[in-house]
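Before any comments, here is the structure.
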Amino acid sequence: MGINALAETGSTLTDDCLLVDGVVIAQEGDPATWGLAGETIGTIDTNFGLNNAGDVLFGNNANGTAPTTADDYIVYYSGGSFASLAKEGDSVTTWLPSIVGGTAGTWDDTMDSCRLLNDGTPQWRASGIDGLTTGTTANDSVWVLGNGSAIQEGVDVPTGQAAGGVETWNVFDLDNIYVSGDGTVQLAQGDLYGATTSDDVVTLNGTVIVQEGVVLAGSSYAEPVDASGIVEAWLDRGSNFYVRGNNDVTETDWVYRNGVVVADSAGASEVVPGSGEFWSDAAFSACFFAFDGNVNGAYILGGVTSAATTNDGVLVYDDGTGNRVVVCREGDPVDLDGNGLFDDDRFINIFGNDDAKLLDDGSVVFVASLKNAVGTAQSNGLFRMTPKLSLIHI
């Protein structure tokens with residue numbers, strides 16, 4: 001498990017840490033051993049790649065001796081050692097020998113959204129590539145696939161566009177490109193060239209599965225996806241895809257998993273079947289704030305419900321067949337000191353957006369803030385809980 005967190009070091013120049021299985025592998029302010037002499041680790045990108053071997057790929061803006069035009073890196077960590085794979089100002093041809101726009105291109109300072117396959121193949125997003133002969137912006141954004149190829153702005157055309165459209169990619173959204181561990185499944189969110197009323201899309205293996213201005217495929221909705229209505233996309237460890245967003249006119253919020261709407265805020269979608277509690281966007285306009293799944297087909301949903309505002313935020317576990325249980329709810333007590341008693345005057349307050357993960361053993365790891373009994377915010381924490389074992393199938 002990998003975590004990016006801020007430590008109480010007393011300085012914002014040394015507090016950013018990257019941990020793998022509880023061990024700090026990189027900390028802001030430490031020597032950037034992959035860079036120039038005297039360079040130190042800067043702010044660590046929160047979205048990093050981690051594979052089954054424990055290798056890590058992350059973006060970093062180092063501090064120190066390098067000029068600011070050459071201090072951004074894509075860094076690979078394996079076996080206790082670091083290596084720079086790409087550096088701002090260096091040629092792109094090492095990774096992209098056939099990039100459209102010629103061989104004079106150099107990496108700019110926007111390299112992020114790192115992903116790492118189980119075989120060690122690195123992938124990342126790079127925008128604003130300098131020196132291409134096709135112009136400053138026409139083809140300068142790419143999703144580096146790590147095998148000498150890339151999906152490139154202004155070049156590659158996703159299939160399945162509405163009305164037979166053939167627009168090329170324009171922008172890959174920050175931290176919204178994903179790939180399965182074996183590299184066979186690719187999910188991307190971004191914009192196409194063309195009309196701004198239909199340019200926002202999510203693609204699966206190069207085919208559009210959700211498009212702004214188009215009715216969600218396989219749904220019973222009459223309204224199309226709203227303008228800028230695609231909120232978040234995700235690919236879990238079992239290669240199941242998720243998208244959440246909202247529709248035009250009714251503003252119904254939904255969660256779309258593997259081509260099926262599994263929850264929405266229209267008023268008839270129960271949080272747990274038979275509970276009489278429904279997903280609702282009355283208190284939180286987006287309604288949903290998290291989702292994830294595991295290799296066994298189970299998944300979790302985070303969202304806001306029709307309950308009282310003091311306890312309407314929930315994390316829900318679904319075993320993959322529709323059997324559901326609330327894992328944790330806003331207002332639940334927390335045993336802060338681990339003595340087995342809820343005597344610490346601490347309660348779950350607000351769950352973090354997309355800060356929840358479902359492990360293969362059925363346990364849920366999540367970030368939430370805490371409050372006291374009178375509702376005053378107190379602190380933040382990382383928690384792990386397991387739903388009722390009767391609902392877990394592994």
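When only Cα pairs under 8 Å and 6 or more residues apart are kept, what is the percent relative contact order across the chain?
Values: 994 pairs, mean separation 24.0, N = 394.
Across the chain, relative contact order equals 6 percent.
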Inset, instruction - Would you pull out the residues with amide H under 5 Å of Val208's amide H, same chain only if 5 or more places away, H placed 1.01 Å from N? - result: Thr159, Gly160, Gln161
Legend entry - Reach of Lys371 by Cα under 23 Å, taken over lysines that are not fewer than 8 positions away in the same chain: Lys357
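Determine the shape class of the stretch 204-263: with a ≥ b ≥ c the square roots of the Cα gyration tensor eigenvalues, call it rounded for a/c under 1.5, and otherwise prolate if a/b is greater than b/c, oblate otherwise. Mind showing how you got there, number by number?
On the way: a/c = 1.86, a/b = 1.67, b/c = 1.11.
Prolate is the answer for the stretch 204-263, as a/c is 1.5 or above and a/b outweighs b/c.
Keeping all protein chains in place, calculate the accessible area per residue for the stretch 201-351 (probe 1.4 angstrom), answer in Å².
Each residue of the stretch 201-351 exposes 39 Å² on average to a 1.4 Å probe.
Tyr193 to Asp15: extension gain in nm, 0.36 nm per residue of separation minus the Cα-Cα distance?
60.1 nm
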Legend entry - Under Karplus coefficients 6.51, -1.76 and 1.60, residue-wise ³J(HN,Hα) of the stretch 174-185 in Hz, glycine/proline x: 4, 6, 10, 10, 9, 8, 5, x, 8, x, 8, 10
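Taking all protein chains in place and a 1.4 Å probe, what share, in percent, of the accessible surface of the stretch 240-318 do carbon and sulfur account for?
Numbers: 1320 of 2550 Å².
Here carbon and sulfur together make up 52 percent of the probe-accessible area.
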Legend entry - Ile25 long-range amide H proximity, modeled H, under 5 Å: Leu18, Leu19, Val20
Legend entry - Gyration tensor verdict on the chain (Cα atoms; rounded if a/c is under 1.5, prolate if a/b is larger than b/c, oblate otherwise): oblate
Inset, instruction - Would you work out which of Ala162, Asn205, Thr46 lies farthest towards the positive end of the dipole of the chain, given +1 charges on the beta-carbon of Lys and Arg and -1 on that of Asp and Glu, about the Cα centre? - result: Asn205
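Can you give the charge dipole size of the chain about its Cα centre, rounded to the nearest 20 debye, using +1 on the beta carbon of Lys and Arg and -1 on the beta carbon of Asp and Glu? If you can, show how the numbers build up before the last one.
Working: 13 positive and 55 negative charges, 161 e Å.
Rounded to the nearest 20 debye, it is 780 debye.
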Legend entry - ³J(HN,Hα) computed for each position of the stretch 351-365 - Karplus, 6.51 cos²θ - 1.76 cosθ + 1.60, integer Hz, glycine/proline x: 7, x, 5, 6, 10, 9, 10, 9, 7, 5, 7, x, 7, 10, 10
Legend entry - Rg ratio (alpha-carbon, reference 2.2 N^0.38 Å) - the stretch 82-128: 1.17
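With a 1.4 Å probe and every protein chain kept in, tell me what percent of the accessible surface of the stretch 156-229 is carbon plus sulfur. Don't skip to the answer; put the middle values down first.
Values: 1630 of 3060 Å².
Here carbon and sulfur together make up 53 percent of the probe-accessible area.
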Legend entry - Where only C-alpha atoms are counted, convex hull volume of the stretch 267-384 per residue in Å³: 110
Legend entry - Alpha-carbon radius of gyration plus Dmax, which is the widest Cα pair, for the stretch 94-226 in Å: 15.3, 50
Inset, instruction - Sort 164-171, 183-190 for me by packing, meaning the mean count of neighbouring Cβ atoms within 10 Å per residue, highest on top. - result: 183-190, 164-171
Inset, instruction - Assign one of three labels to the stretch 23-69, namely rounded, prolate or oblate, based on the Cα gyration tensor with a ≥ b ≥ c the square roots of its eigenvalues; rounded applies when a/c is under 1.5, prolate when it is not and a/b is larger than b/c, and oblate otherwise. - result: prolate
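Could you give the dipole magnitude of the stretch 195-289 about its Cα centre, charging the beta-carbon of Lys and Arg +1 and that of Asp and Glu -1, in debye to the nearest 20? Could the numbers behind the result be given before it?
Details: 3 positive and 14 negative charges, 79 e Å.
Dipole magnitude for the stretch 195-289 comes out near 380 debye.
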Legend entry - Amide H contacts of Ala86 (H built 1.01 Å from N, under 5 Å, at least 5 apart or other chain): Ile74
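Using a 1.4 Å probe, what is the accessible area per residue for the stretch 1-116, in Å²?
Numbers: 5160 Å² over 116 residues.
Heavy-atom accessible area per residue stands at 45 Å².
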Legend entry - Cα pair distances exceeding 15 angstrom across the stretch 282-326, given as percent: 45
Inset, instruction - Using every pair of alpha-carbon atoms in the stretch 151-275, split the distances into 10 Å bins beginning at 0 and state the percent of pairs per bin, rounded to integers. - result: 13, 45, 32, 9, 1
Legend entry - Of the trypsin sites (Lys or Arg not before Pro) in the stretch 292-394, those whose Cβ has at most 13 other Cβ within 10 Å and which sit in DSSP loop: Lys388
Inset, instruction - Quote the charge dipole size of the stretch 19-104 about the Cα centre in Debye, to the nearest 20; the model charges only the Cβ of Lys and Arg (+1) and of Asp and Glu (-1). - result: 180
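Hey, got a sec? Which GluC sites (Glu not before Pro) in the stretch 214-305 land in a DSSP loop and have at most 16 other Cβ atoms within 10 Å?
Of the GluC sites (Glu not before Pro), the ones in loops of the stretch 214-305 whose Cβ has at most 16 other Cβ atoms within 10 Å are Glu251, Glu277.
The values are calculated or read from the model by the stated rules, or taken from the named source; none is laboratory data. These numbers were taken from a predicted model, which means no experiment stands behind them. Please note: Cβ atoms are built from the backbone with ideal geometry, for glycine as well, and neighbour counts cover all protein chains shown. Surface accessibility is based on the protein's heavy atoms, side chains included, excluding ligands, DNA and RNA. Shrake-Rupley method; radii C 1.70, N 1.55, O 1.52, S 1.80 Å.
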